[in-house]
Amino acid sequence: MSRGEGSRAVVAGAAGFVGTALVADLREQGYDVVTVGRAASGPSHVSWGDAAGLDRAIDGAAVVINLAGKNVSCRYTARNRREILHSRTATTSAIARSIAASVSPPPVWINASTATIYRHAMDRPMTESAGEIGTGFSVDVATAWERAFFQPALPQTRRVALRMAIVLGDGSALAPLLGLSRVGLGGRQYDGRWWAPRSKRLAGAFHEYRPTHGRQMFSWVHLDDVLAIVRRSIADDAVSGPINVAAPRPVDNAELMATVRRVVRMPVGVPLRRWMIELGAIGMRTESELLLKSRWVVPETLTALGYTFRHAELEGAVRAVVEGRS
């Protein structure tokens with residue numbers, strides 16, 4: 001019998017590339033999966049506006065997994081900032097309410113979070129025990145998200161917050177880096193000075209200049225490991241609280257781009273300056289922070305629990321994505 005045979009798993013935010021893979025993985029384990037999203041689309045789907053339906057799905061479930069949240073790869077306008085925050089905190093609070101109302105609460109609830117909760121770090125890696133929480137819009141979203149997750153009293157439900165680094169997989173943030181590298185623009189990315197409206201600066205939604213010289217750190221994790229860590233989180237009662245979901249060997253930006261160039265067999269990599277990155281970000285409707293913030297995060301808790309990463313080295317992980325293999 002599969003581990004989840006006959007058990008119900010509730011997955012919110014299942015439409016993204018992580019969510020799609022997770023639903024398929026849970027079904028392969030034998031779970032009956034109920035998805036939660038913005039609009040009902042079948043008997044195994046509940047919409048966020050259907051509070052009674054959400055209650056029924058969660059009551060008696062074996063696990064609840066929430067990945068819901070507006071994609072942060074967008075321009076940080078005031079409207080988008082509100083949606084990014086609300087889409088995370090409101091959905092998390094709705095699940096907490098349903099769990100609190102359950103006759104048979106789920107034994108484990110796994111919620112997405114982000115490694116961006118930590119400060120821009122060039123001096124040392126950030127761990128769960130000694131990492132320093134940063135400042136700015138993205139950090140404010142992350143802390144509000146985790147507060148909505150951990151604050152409610154749910155004594156019968158173990159909670160795990162996945163502080164995920166950049167996830168590598170088909171359809172991930174790796175795609176634009178592969179594209180740049182294939183046309184010879186895969187050099188390191190340099191920070192620099194750039195203008196921003198005062199309102200955006202006050203909201204902490206602008207990446208302030210730091211002289212990283214293209215050595216900002218890049219923490220990452222392969223999709224295969226995200227799925228395996230979710231499986232471990234369901235099965236192991238020792239997994240609890242916030243955990244860093246990041247491969248054990250992060251790299252700096254220069255090594256990241258050199259690795260991508262090797263994989264796509266492009267010997268030339270023209271460096272990108274801040275003004276080029278900003279113009280590209282405007283064209284792609286995203287923000288430069290996603291490339292320029294130094295994310296140096298290591299998996300202290302997972303390492304202590306003896307978790308073995310399937311993809312511990314960046315080059316193997318990138319090759320696996322490019323070649324379409326696990």
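What follows is calculated from the coordinates using simple rules that are stated; it is not laboratory data. Just so it is clear, the structure is predicted and the values come from calculations on it, not from any experiment. For neighbour counting, all protein chains shown are included, and Cβ atoms are generated from backbone atoms with ideal geometry for every residue, glycine included.
List the residues, sorted by chain then number, that are 5 or more residues from ILE65 or on another chain and whose placed amide H is less than 5 Å from its amide H.
Counting only residues 5 or more places away or on other chains, the set is VAL10, VAL11, ALA12, ILE110.
What whole number of Å gives the distance from the Cα centroid of the stretch 287-316 to the Cα centroid of the stretch 214-249?
Between the Cα centres of the stretch 214-249 and the stretch 287-316 lies a distance of 7 Å.
Averaged across orientations, what area in nm² does the convex hull of the alpha carbons in the chain project?
Average projection, Cα convex hull of the chain: 16.4 nm².
Size of the dipole of the stretch 8-322 about the Cα centre, Lys and Arg at +1 and Asp and Glu at -1 on the beta carbon, nothing else charged, in debye to 20?
1080
Farthest toward the dipole's positive end in the chain, which of PHE149, ALA258, THR89, given Cβ charges of +1 (Lys, Arg) and -1 (Asp, Glu) about the Cα centre?
The one lying farthest along the dipole's positive direction is ALA258.
When the helix-only estimate is applied to the chain (DSSP H runs of n ≥ 4, each -39,500 (n - 2.57), divided by the residue count), what is the mean residue ellipticity at 222 nm, nearest 500 deg cm²/dmol?
Rounded to the nearest 500, the figure is -11500 deg cm²/dmol.
Report the extension gain between ARG193 and SER93 in nm, rounded to one decimal, defined as 0.36 nm multiplied by the number of residues separating them, less their alpha carbon distance.
Full extension of this stretch gives 32.1 nm more.
I'd like the trypsin sites (Lys or Arg not before Pro) in the stretch 240-272 restricted to DSSP loop residues with at most 16 other Cβ atoms within 10 Å, sorted by number.
Qualifying residues, ordered by number: ARG265.
Could you give the spread of the C-alpha atoms of the stretch 131-286 along their three principal axes, from largest to smallest, in whole angstroms?
So the three principal-axis extents are 54, 41, 25 Å.
Show me 90-103, 68-81 ranked by packing, highest mean number of other Cβ atoms within 10 Å first.
Per-residue mean Cβ counts within 10 Å order the peptides as 90-103, 68-81.
What are the ³J(HN,Hα) couplings of the stretch 296-303, residue after residue, when phi is run through the Karplus curve with 6.51, -1.76, 1.60 and θ = phi - 60°? Round to Hz, x for glycine and proline.
In residue order, the calculated couplings are 10, 10, 10, x, 4, 5, 4, 5 Hz.
Show the residues, 5+ positions off or on another chain, whose built amide H is closer than 5 Å to the amide H of VAL33.
The list, which skips near neighbours in sequence, is ALA9.
Show the residues, 5+ positions off or on another chain, whose built amide H is closer than 5 Å to the amide H of MET126.
TRP296, VAL297, VAL298
Show me, for the stretch 103-117, the HN-Hα J-couplings you get by feeding each phi into the Karplus relation (A = 6.51, B = -1.76, C = 1.60, θ = phi - 60°), rounded to Hz, glycine and proline as x.
6, 10, x, x, x, 9, 10, 10, 10, 5, 9, 8, 5, 5, 4
Where the centre of each part is set by its Cα atoms, how far does the stretch 8-56 sit from the stretch 99-135, in angstrom?
Cα centroid to Cα centroid, the span is 22 Å.
When the Karplus curve 6.51 cos²θ - 1.76 cosθ + 1.60 is applied with θ = phi - 60°, which whole-Hz ³J(HN,Hα) does each residue of the stretch 194-201 get, with x for Gly and Pro?
8, 8, 8, x, 4, 4, 6, 5
Kindly provide the pair-distance distribution of the stretch 225-283 built from C-alpha pairs, with 5 Å bins from 0 and whole-percent values in order of increasing distance.
Histogram of Cα-Cα distances, whole percents per bin: 4, 13, 14, 14, 13, 12, 12, 10, 7, 2.
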